[in-house]
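To keep things clear, I will list the structure first and then write my remarks on it.
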Amino acid sequence: MTLDSVVPWGRTLDEYRRMFNLTESDLRKRILGVGDGPASFNAEMQQKGHYVVSMDPIYAISAAEIASRIEQTYDTVMQQVKANAANYNWTDFQDADDLGRQRMQAMHHFLAGYENGKQSGRYRVDALPVTSFADQSFDLALYSHLLFLYSAHLSEAFHIQAVGELLRIADEVRIFPLVDLTNQCSPFLNAVLADCQRNGFQTELIEVSYHFQKNSGQMLCIKK
C-alpha cells in the first residue's frame, strides 16, 4: 500500500485486545492510546467502565471536521486495499467492502461520543516525539498502526525519540505492527531495539492473534 500521509482509520476494542494481547488485568490499568484517531477503542472502554486517554493531533478539530476528513480519504484507502488485497489475510473480514463497513461502524461509534470525550479529557491533543504528559502518567502505552508502519514517512530518529518519550510517561509500551506499508519488517526496528537495550529497558517481540496485514503477527513490548 502507498499513502501520501497518515489517514484516519478506526479500529475496535476487540482488535486492540488482539493486537496487544490485552488481558482483563491490562484493561484496568492506566492506559494511553497513542495516535488512536477515530478508533472506537476508547469509547468502548468507557462503556465498560474503564478509563483510557487517547492522544492524537487530529483531536484539535471538531467531530464534523474529522467526519469530513474520513470521507475525503475513505475512497483512497479502499481503492488501495482492493488493489493490494493479496497482502491481507481475509479471515476477520469477508472482503474489502466488509472491512470498509466495519471500519465505518467503528469510526461512527467514535464520532458519536467524541465531543463529550474531549470535555472529559479522554481525547487529548498531543503528538510525539514530545508530549505534555508528566513522568509515569500511565501504566501502559499502546501505539497502533503508526510507528514502524509509516517508516517511509517517519525517520529513524523520530522512532527512537518517540519510543523514549513513551517510556518517560508510561511503565510499559506495546507497539503494533512491526512491518511497514509494504508488509516488510520496518528498517528501524533493530535501531529501536538497540537504543532501548542501551538504556536498560527490557524488549520482547511477542506473537499476537491479529494477522490482518500479512507478516504482521508480532508486537514489540518494552518495559522499564
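The values are calculated or read from the model by the stated rules, or taken from the named source; none is laboratory data. Everything quoted here is computed from the prediction, not taken from an experiment. Quick reminder, even Gly has a Cβ in these numbers, built from the backbone with ideal geometry, and neighbours come from all protein chains shown.
Given the residues 46, 79, which is the only one that is assigned to a helix (DSSP H, G or I) and under 18 Å from the mean Cα position of the chain (by Cα)?
46
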### Message
Quick check on my filter: what residues within segment 100-120 are over 20 Å from residue 144 (Cα atoms) and either part of a loop (DSSP other than H, G, I, E, B) or of a type in the set (S, T, N, Q) (or both)?
### Response
116, 119, 120
### Summary
residue 53 meets each of (1) buried (at least 17 other Cβ atoms within 10 Å of the Cβ); (2) assigned to a helix (DSSP H, G or I) with one exception, condition (2)
### Query
Between a first residue in segment 45-59 that is closer than 15 Å to residue 28 by Cβ and of a type outside the set (Phe, Trp, Tyr) and a second residue that is modelled with pLDDT of 95 or more and surrounded by fewer than 16 Cβ atoms within 10 Å (Cβ to Cβ), which pairs have beta carbons less than 6 Å apart while being 6 or more apart in sequence or on different chains?
none
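Would you check if residue 141 is within 14 Å of the chain's Cα centre (by Cα) and at pLDDT 95 or above?
Working: within 14 Å of the chain's Cα centre (by Cα): yes; at pLDDT 95 or above: yes.
So residue 141 fits the description; yes.
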### Query
List the pairs whose first member sits in segment 93-119 and is more than 19 Å from residue 83 (Cβ to Cβ), whose second member is outside any helix (DSSP H, G or I) and aromatic (Phe, Trp, Tyr), and whose Cβ atoms are under 7 Å apart, counting only residues at least 6 apart or on separate chains?
102/93; 114/123; 117/123
#### Entry: So residue 65, is it over 16 Å from the mean Cα position of the chain (by Cα), at pLDDT 95 or above, among the acidic types (Asp, Glu) and surrounded by fewer than 18 Cβ atoms within 10 Å (Cβ to Cβ)
no
#### Entry: Residue tally, condition under 30 Å from residue 166 (Cα atoms), in contact with a helix residue (DSSP H, G or I) (Cβ under 6 Å, 6 or more places away or on another chain) and among the charged types (D, E, K, R), over segment 44-95
1
### Message
Testing residue 33 on (1) within 22 Å of residue 115 (Cα to Cα); (2) in a loop (DSSP other than H, G, I, E, B), one condition comes back false. Which one is that?
### Response
(2)
